[in-house]
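Below is one structure, written out as structure tokens; the observations come after it.
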Amino acid sequence: MLLLDLSHTSHTRARTGVQRVALELRRALTAPAATATGSVTTITHDPHAREWRPLQPWEASSLDAPPVAARKRGTTWPLRAKLMGAWHSRGRSAHLVRDLPTTARAVLFPEIFTERTATALPVLFATIEAPKIAVFHDAIPLRLPEFSPPSTVGRFPRYLDQLRLFDGVAAVSEDSRQSLLDYWAWAGFEDHPPVVAIPLGTDHLRRGQPPSNASAAPTSPPRVLCVGSLEGRKNHLTLLRAAQQLWDDGESFELELIGGLQRETGAAAQQLLQQLQADGRPLHYRGWVNDDTLQAAFARCAFTVYPSLLEGFGLPVWESLLHGKPCVCSDRGAIAEAAREGGCLTTDTTDPSALAVALRRLIESPTELAELTTAARRRSARPWTTYADDLLAWADGLPRRSLQTL
């Protein structure tokens, strides 16, 4: 028996990178071929009933609903669920664990849990005998606080502290692993669980692709594709300035941006984008699109660019590679880890001129573009089932830590 916490993902239609990871892990653990994992119970912390419990049918069905362009990333509970939870919790002064086994192979937490959920962790951990494993995605709110919502920045140190409650923490990249260890060292936390880097699965990025995608003929003039939400950390402002330099120099290419707008940190990029469009530059902004539109965009581009300043893993880079398209991306952190085995042209994405030089190389050199395209098509996807197996194999060998109050 495995317990998988999806307290957040089961109560939102948003599909951020973290939620995509949570859903793919669930898919891998419950796949027919995953007989070695045994049964899986997906659980939630119900803040209204003040209890841990299995998902109800309405919550489980939301996990399989198609993605939408959700404006809100937080959780949403129907009024009826709130009222029923409040009725069940009347007179209750503490959290409970309801309808869950007392022993399990592991309890997995692939999400970034909230403070409200964290306050209920001790009762769950005290009730269930099993290794408790948290997936750690990144420390971006502390490393780039200027590009993160203030509420997230304020909450994050406490979240990193609470990760010490777990028996083990599985970071999604070596860069993320080191950032967590560095924070704990800076904070003076010598007593902490082991942290290991286990790279995520990537085979979902090929799911649903037409076989012709990798060999589809790009448009002329070449189209450069950038997929990622329009927000400060994704660094579209530098990309647009680099493109502006190239267009001013007479370079012939089109730039296509796909991704929803994060108004709080993406306003400056949106303003420059609109200015360039008003100037008649060949710049296309699609916003959020469905999977079919996204597949078509990959098919017609010559290569992609992902100028993000910092990532926990770099799924968009992998998405490009597994579509057989080279990617211009950062030479630092987890993105550089994703690019290491070929198919990418790395550069300093904080500098518009350096980024412009990299883009120009692939626009002007068919030979280099062809070599990188060949390298991209050689990259293989890591199965999510392999990720799940690696995660559980590591969990099986972990000693239990004594429950502590932070």
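Throughout, read-outs are computed from the coordinates displayed, never taken from laboratory work. As the structure is a prediction and not an experimental result, all values here were calculated from the model. So basically every Cβ, Gly included, is an ideal-geometry build from the backbone, and we count neighbours across all protein chains shown.
Give the separation of the Cα centroids, region 351-406 to region 100-179, in Å.
Region 351-406 and region 100-179 have Cα centres spaced 22 Å from each other.
If Lys and Arg each add +1 and Asp and Glu each add -1, what is the summed charge of the other residues whose beta carbon sits under 14 Å from the beta carbon of ALA375?
+2
Tell me the angle of helix 174-187 to the major Cα principal axis of the chain, expressed in degrees between 0 and 90 and rounded to the nearest ten.
Approximately 60 degrees, to the nearest 10.
If I fit a long axis through the Cα atoms of helix 236-248 and take the longest principal axis of the Cα atoms of the chain, what angle between them do I get, 0 to 90°, rounded to 10?
Helix 236-248 sits at roughly 10 degrees to that axis.
Which percentage, to the nearest 5, of the DSSP beta bridges contained in the chain is antiparallel?
The antiparallel proportion sits near 10 percent.
Taking only Cα atoms and a 10 Å spring cutoff, compute GNM fluctuations for the chain and point out the largest among GLN271, GLN262, GLN162.
GLN271
Can you match semi-axes √(5λ) of the Cα gyration tensor in Å to one of these, (1) 40, 22, 21; (2) 53, 22, 17; (3) 47, 25, 19, based on a calculation from the structure here?
Given (1) 40, 22, 21; (2) 53, 22, 17; (3) 47, 25, 19, the calculated one carries the label (1).
If the elastic network links every pair of Cα atoms under 10 Å, which of SER353, SER179, SER220 fluctuates the most in the Gaussian network model of the chain?
SER220
In Å and from the alpha-carbon atoms only, list the Rg and Dmax of region 205-378.
Looking at region 205-378, its Cα Rg and Dmax stand at 14.6, 41 Å.
Give the angle, between 0 and 90 degrees and rounded to the nearest 10, that separates the Cα long axis of helix 263-278 from the longest principal axis of the Cα atoms of the chain.
It works out to around 20 degrees.
What's the lysine pair count for the chain at a Cα cut-off below 30 Å, pairs eight or more apart or interchain?
Number of lysine pairs found: 5.
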